[in-house]
Every structure is written in structure tokens, then in C-alpha cells.
Amino acid sequence: MRPDQFSTARPVVVVGSGPAGHRVVQALGRQAPALPVVWYGDEPWAPYNRIKLSSLLAGDARWEEITADSPIPDTVDTRFGLRVARIDRAAGEVVDMRGARQAYGALVLATGSRAHVPAIPGVDLAGVFTFRDLSDAQKLQARTVRSRVTVVIGGGLLGLEAARAMRRFHTRVIAIEHGNRLMPRQLDDEGAAWLHKAVVEAGIEVRLAEAVKGIEGRGEASGVVLRSGEVIACDTVIIATGISPNVELALRAGLPVGRGIRIDDTTRTADPCIHAVGECAEHNGEVYGLVAPGLEQAAVAANRLCGGDAVYTGSIAATHLKVMGCKVFSIGEVERYGAADPARARHFADPDGDGYRRVLIRQGRLVGAQAVGPWAETPRVQEAVRSGRRIGPWQRLRFSRIGQLWPDTDAGDVRLWPAEATVCNCTGVTRGQLEAARQRGCNSIVALGADTGAGTVCGSCRPLLAELADGAALPAARGWGALNAFGLGAALLALLYVVFAIPFPDTAELAWRWDALWRDSLYKQISGYSALAAMTLLALIGLRKRWTRLARVWDFAGWRVVHVVLGLALVTVMAVHTGGRLGHNLDRVMSLAALAALLSGALIAVVVARQHQLAPGTVRRVQRSATWVHILALWGLPVLLGFHVLKAYYF
Ligand SMILES: Cc1cc2nc3c(=O)[nH]c(=O)nc-3n(C[C@H](O)[C@H](O)[C@H](O)COP(=O)(O)OP(=O)(O)OC[C@H]3O[C@@H](n4cnc5c(N)ncnc54)[C@H](O)[C@@H]3O)c2cc1C
């Protein structure tokens, strides 16, 4: 739908004040501030952070902390506490529960979902709760004071969140899971076993592979009846057995509905004037029960409403949560599709008992990952799964050994992450998007959040935003001036060496013939041994990371400058030793290898020196490629040098 296709006198109407609806409204406010927007929400309060409801219930967060901190654009006509009862597609109007009509030019359904309540006896007894919205949380909050035994039905994400929130020193909490492991959609057997341990250690009892037949009680719940006949006595029951998308509005309006409201890649339903986003929408047969895919859909819907051509091709949703202080992460595929599936899993269990990680690799590409316990690489893993990145044999080996896919140095600084790496997991905002926002002048956490939405849901990425908002793309390297000057000098000399030889004097009547430098045996020996000494020192300094004594004498930045100065000295003495000639046969190979090492080293020095003026991605890519050339070129040098010395003395 392009704006010119609907009358701007008729507003865009958004139904649903959850995160997906909120994101549509915010994006419209930013991209088309003049577009009239009417926003309905049947909950009586302004948008709040549903994800933090468990923290509110557990007493870890206050009300002010869970109300959305991203503002609602002034131009939006908000109608909270008002339910939309019907869509009149023929008239292009919605009808609210009071019977009032509101015309729309375009309609966005963001009605989300409600808790799924299984059809078992006793679900309508007093003391039986669901956990979906603020009013549920308020009721449960009141209940925590008097509950002595709470049974949570469902051992998935929501059930464990509810169990965590209800756990008090005076309340016994029992979680019942129908499957044979906790969080079966996100974790494999081993991962679930680690989580199980953490949950039990936190004081929650877990019953696996148990089906609930009903809830018993006279007016009020007094026990949960299992299929085995066993009754677990309790005073409170929380049903956390999944979600049911709110599709009734669409269904009554005659729109195609499966599990959710069916949408295409533009987030439109079968009616081109009506979009659906978030947990109420079904795209390619998939209804996502997480916030990030809904936000991606919302961004596409808003873009389309503003005349853009964004497409939504589906999400590989990542789950991040903290169950009783234990971090759980899962993305992509959890298990192999059976014995014929060529996918291979690599496991790593921390010997200190700190956690478990697993990656699933199919045909060399990362297709899934999960972790129970801390894992610093999760943002990169997310990006790698989403882009189907190749994982080399050495990475698999490293993972099996130490539980890391990338070397330590790669994971640390957020400014060095690839542009596609996700920084905010809740909203799916990448490092590249944040960098673009920074270029637009957003240089604080608040500004970055207002522009991109990052950090506005659970807030756990705010330290990363702080790092990104710190001003320049990358800080200037210490000693960057010297590094730049010596690096450029070395690069220039090495290039000259390749294309230009020092000429011989064209007359014999000179007091001093400079060609003696590369022809006279004594001079040649002096320059040759100087080159050897420079190479040896370079090799020793190259080992500085492992040689702690060097690190104690001077820091890394200092030794880096020394390394580059020695490189410049080496190329100078090489030129003196040979007159700038590459030599023949093995000597030529040796000269070219040394020059390749010198040029790649000089390039690294110049790029590091100028990192504060370059895009972090460029710095990272050049450094990586040049380092490979540097290492490869250095490999054969000792042997070639040995031959050269042997030849000089014996032949
Ligand atoms: C306790 C809890 C913890 C969670 N933790 C996580 C987590 O860690 N990570 C994660 O990714 N997800 C989590 N989720 C799920 C996440 O909250 C949902 O994925 C997300 O809220 C979906 O957003 P939505 O806007 O599509 O729908 P909703 O948030 O359901 O919002 C829809 C809104 O529309 C309103 N509405 C419905 N029909 C109408 C109508 N006819 N008229 C007017 N208004 C209407 C509803 O009342 C509701 O306010 C959690 C959920 C809960 C309850």
C-alpha cells in the first residue's frame, strides 16, 4: 500500500498496543510524521514491557521500569482501554466495543495472542491463573502473599518465568512439563539437563513427562490431578501451556486465517489495505512466539505504509532468557531431523561446571546453537546462524576444546563486530543499523534507542550501546602517529624495492662507489648480518604476546611501534645488501616472500594507525586478510634464508 493509494484524510489505524503495534506507531511517526494515526489497545494502560512482567512479579523491577521508555509520537490519537470489536471492510472502518466507527485508509492488526488454556476440568476455579498481561501479573502479585504451594503447568519459557517469579521463601513451586525435558523447543536433552539442575538448585521442583488430567477443588483450586492418578496438593495453579493468537477480528472480517492471520512478504493480509504483524500473524506457516520477529514485521509494515519496498522473509528467532540467574540461549535448529540428516553437533561442557554449549552444523554451515550458562559469543553466533556462515574445521576443533568458535580477540569490542551482528536481541537491531544511527547524530543510549528501538525492551544490551555511543567509530591507537609514519615509510621502500633497482654509478672516477655496498664482501656481510638481526628481533617481538617479560618491560602499543621501526630498518638494509635487486631462483623467492611480509605488515600498521578514521568493518577485514598474507609469507623465510647463507659461504 503506497500512501497515494489511500486518502491521507483517512488515518492508518493500528489495533493492539503490544510491542509490535507500538513499533508500527513509532516507525510511522518517524518516517511519515504528517500521516494521521489512530492507535487502539484494549488494555487500559499505556504500552508497557510485557517481557519484564516476570521481573515485576518477582519484585526485581518496579512499574516505572516496565512502562515503555520510548515515547509515543504526539500526532498519534491513542485510544487505550478500548477494544475494536469488528472490521467493516466494505466501508473501510473499524467498530469499537462502544459501537463508534473509525474510518481507516490502512489498517494494521497487532492483536498479539493470549494464554492458551487447555480444555481440562477445573481451569475456571478460583486460584487458577494465566500469565500474559499486566492484570494477570497484578492478580498473581496479590496471590504470592498467601500462596504456600504453586503448581505451574508448562516447563517452557513462560512456565519457567512464572515459576521464577512465584518462588518465595515461603512458597513451594512445582513445575510440571508434559515432555521429557524442560524448554523442549529450545534445548536438546543435554542442555535441558543442565537447565534442570539450575532450576532445581534455585528451589523449584520439576516433574517431567507428566500429563495433567484436571484441577480439583471446591470453588477454589486445591490440587492438580495427574494422568497417573496422583494429586499434587496446591493452592495456586498457573497455566503456561503456550499461546493462542488473537485472530477473531480477522476471522470475522473474512480474512484467511491459519494458526495466525496469514500475511505475505509485505505483511499484507489477503486484503491489501490490511496488514498484520506480531504474534497474531502467520507468515509462511510460522507464528512466532517471541518479540523480535514481530518487531521485524512491524518495521516492514511501516515501511510499506510509507511507500517503501521492504520485504519480510521470515525470522530465525533467538531466545535469550535468564531462568533463576542462569542464562539460556537458543537459536535456529535444535535437533537433527533424524539419522539421515547430515547435520553434525559439537558439544562443549565447561569442566568447571559453568555451563553447556552446542552448535549444529550442516554441510559446513552453522544452522543452530544453544547454551545454558554464559557465552560471550552469542551475538556473533546469532549473526552466523542467520547468515548461514561457514564454520571451518579449526573452529569446530576450537569449539570442542574451549567452547569458542572465534579467537578471544574477535569477540570483545562491539565496535569490531560485523555490521550484520545483532546487538539488541529483543528488537533484532544490528551493529550496522546502530552505526548508521550514530552517523545520523545519535550519540547517546537514549538517542540510539529512540532511533532504532535498541535497548528499549529488556535493556540488557545497554552496555553495548554505551560502548557504541562513545563518539568516534574506533578510538585512536596509542602511538598512532609513529605507527603511521614508519608504516608508510616501510610500505614505500618495499614498493620501490619491487619496481626499482639502485643504479650503478655511470663513471669510474668517483671518490666512493656506492655499488661497493652490495658488491664488496665486507659490506655485504655487515648488511646481511644486520638484516638477519632485524629479522630475528622481529620474530622475537612477534612472540611478545606469549613472552610475558617483554610485556612487563613495555606495553603492547610500544612494542608494536618497535616492530614497525624494525620492519623499516629491515627493508633498508635489504636494499643496501642487494642494491634493490630481487636476485635469481631461490634468492628471488626469498626476496619476494620478505617483501610480501614487509608490505602486509606495513599495511596492518597503517590501518591500525588510522583506525579512528576508518569504518570498524574495514579495519577488521584489512587486518584479517593482511595478517594471513603476513603469516604465509613468513612461513618459508627461515629455510630460504638458510639456503642463502649456505650458498654465500660454500659456493
Ligand atoms: C511474562 C512474559 C515473558 C516473556 N518473555 C519473553 C522473552 O524473554 N523474549 C521474547 O522474545 N518474548 C517474550 N515474551 C513474549 C512476548 O511478550 C511476545 O512475543 C510479544 O509481547 C508479542 O507482541 P505483540 O505486539 O505481537 O502482541 P501482544 O504483546 O500480545 O500485544 C497485543 C495487544 O493487543 C491487544 N488487543 C488484542 N485484541 C485487541 C482488540 N480487538 N482491540 C484492541 N486491542 C487488542 C492485546 O490486549 C495486547 O495488549 C514473554 C511474554 C510474557 C507474557
Quiz item: Of LYS52/LYS139; LYS52/LYS213; LYS139/LYS327; LYS197/LYS327, which pairs sit farther than 23 Å apart, going by alpha carbon to alpha carbon?
Solution: LYS52/LYS213; LYS139/LYS327
Quiz item: Taking the simple approach of a point 7 Å from Cα along Cα-to-Cβ for both LEU492 and ARG365, what is their distance in nm?
Solution: 4.7
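Given a 1.4 Å probe and heavy atoms of the protein chains only, how would you sort TYR288, TYR650, TYR497, largest accessible area at the top?
On the way: TYR288 35, TYR650 170, TYR497 10 Å².
Largest accessible area first, the list is TYR650, TYR288, TYR497.
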Quiz item: In degrees between 0 and 90, to the nearest 10, how far off the longest principal axis of the chain does helix 189-201 point, with axes built from Cα atoms?
Solution: 70
Quiz item: According to a simple spin-label model (label point 7 Å from Cα along Cα-to-Cβ), what is the distance in nm between ILE120 and ALA447?
Solution: 5.4
Quiz item: THR171 accessible area, nearest 10 Å², 1.4 Å probe?
Solution: 0
Exercise. For the range 128-241, give the magnitude of the charge dipole about the Cα centre (Cβ charges: +1 Lys/Arg, -1 Asp/Glu; no others), in debye to the nearest 20.
Key: 380
Quiz item: With the Cα gyration tensor of the range 324-468 giving a ≥ b ≥ c as the square roots of its eigenvalues, does the rule (a/c under 1.5 for rounded; else a/b larger than b/c for prolate; else oblate) give rounded, prolate or oblate?
Solution: prolate
Quiz prompt | About the Cα centre, charge dipole magnitude for the chain (Lys/Arg +1, Asp/Glu -1 at Cβ), debye | solution = 1160
Quiz item: Pulled fully out, how much extra length does the chain show between ALA61 and VAL499, if you take 0.36 nm times their separation in residues and subtract their Cα-Cα distance?
Solution: 150.9 nm
Self-check item: Degrees, to the nearest 10: 291-305 long Cα axis against longest axis of the chain
Solution: 90
Exercise. Would you kindly derive the ³J(HN,Hα) couplings of the range 109-119 from the backbone phi angles with the Karplus curve 6.51 cos²θ - 1.76 cosθ + 1.60 (θ = phi - 60°), listing them in order in whole Hz, with x for Gly and Pro?
Key: 8, 10, 7, x, 8, 10, 5, 7, 10, x, 7
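Please list TRP45, TRP39 in order of solvent-accessible area, largest first, computed with a 1.4 Å probe with all protein chains present.
TRP45, TRP39
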Quiz item: Sorting PHE500, PHE131, PHE556 by accessible area (1.4 Å probe), largest first, what list results?
Solution: PHE500, PHE556, PHE131
Self-check item: Cut-off under 5 Å, modelled amide H: who pairs with ARG389 long-range
Solution: LEU366
Quiz item: If R0 is 60 Å, what FRET efficiency do you get for LEU397 and ALA103 from their C-beta distance, rounded to 0.05?
Solution: 0.40
Quiz item: Can you give me the relative contact order of the range 204-355 as a percent, contacts being Cα pairs under 8 Å and 6 or more apart?
Solution: 11
Quiz prompt | DSSP-assigned coil residues among trypsin sites (Lys or Arg not before Pro) in the range 217-257, each with at most 12 further Cβ atoms within 10 Å | solution = ARG218, ARG227
Quiz item: Considering only LEU187, LEU255, ALA299, whose Cα is most displaced toward the positive end of the charge dipole of the chain, charges sitting on Cβ of Lys, Arg (+1) and Asp, Glu (-1)?
Solution: LEU187
Self-check item: Charge dipole of the chain about the Cα centre (unit charges at C-beta), most positive-ward option of GLN623, THR269, GLY558
Solution: GLY558
Exercise. Pop a pseudo-label 7 angstrom from the Cα along the beta-carbon direction at both ILE526 and GLU205 and give the gap in nm to one decimal.
Key: 9.0
Quiz item: In the chain, with Lys and Arg counted as +1 and Asp and Glu as -1 at Cβ, which of these residues, TYR649, ALA597, GLY278, has the Cα nearest the positive end of the dipole, that is, farthest along it?
Solution: TYR649
Quiz item: Tell me, what is the percent relative contact order of the range 480-650, built from C-alpha pairs under 8 Å that lie six or more residues apart?
Solution: 33
Quiz prompt | Carbon/sulfur fraction of accessible area - the range 1-135, other protein chains in place, 1.4 Å, % | solution = 51
Quiz item: Is the shape of the range 385-455 rounded, prolate or oblate, going by the alpha carbon gyration tensor and its root eigenvalues a ≥ b ≥ c, with a/c under 1.5 for rounded and a/b larger than b/c for prolate?
Solution: prolate
Self-check item: Theoretical ellipticity at 222 nm over the chain - DSSP helices of four or more residues, -39500 (n - 2.57) apiece, nearest 500
Solution: -12000 deg cm²/dmol
Quiz prompt | Net lengthening on full extension, LEU537/ALA557 (0.36 nm per residue, minus Cα-Cα) | solution = 5.5 nm
Practice problem: Provide the solvent-accessible area of LEU532, counting protein heavy atoms only and rolling a 1.4 Å probe, rounded to the nearest 10 Å². | Solution: 70
Quiz item: Taking H as built 1.01 Å from N, whose amide H comes closer than 5 Å to the amide H of LYS327, not counting residues under 5 places away?
Solution: GLY373
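Write down the accessible area per residue of the chain in Å², having rolled a 1.4 Å probe over the full set of protein chains.
About 47 Å² of surface per residue is accessible.
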Self-check item: Nearest 10 degrees, 0 to 90: helix 157-166 Cα axis against the chain principal axis
Solution: 70
Self-check item: Residue-span extension gain [ALA436 to ARG148] - 0.36 nm each, minus C-alpha spacing
Solution: 98.5 nm
Quiz prompt | Cα-based shape type of the chain, given that a ≥ b ≥ c are square roots of the gyration tensor eigenvalues and the cut on a/c is 1.5 | solution = prolate
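The values are calculated or read from the model by the stated rules, or taken from the named source; none is laboratory data. What you see is a predicted model, and the numbers here were worked out from it, not measured in a lab. Quick reminder, even Gly has a Cβ in these numbers, built from the backbone with ideal geometry, and neighbours come from all protein chains shown. Calculation scope for accessible area: heavy atoms of the full protein, side chains included, ligands and nucleic acids excluded. Shrake-Rupley method; radii C 1.70, N 1.55, O 1.52, S 1.80 Å.
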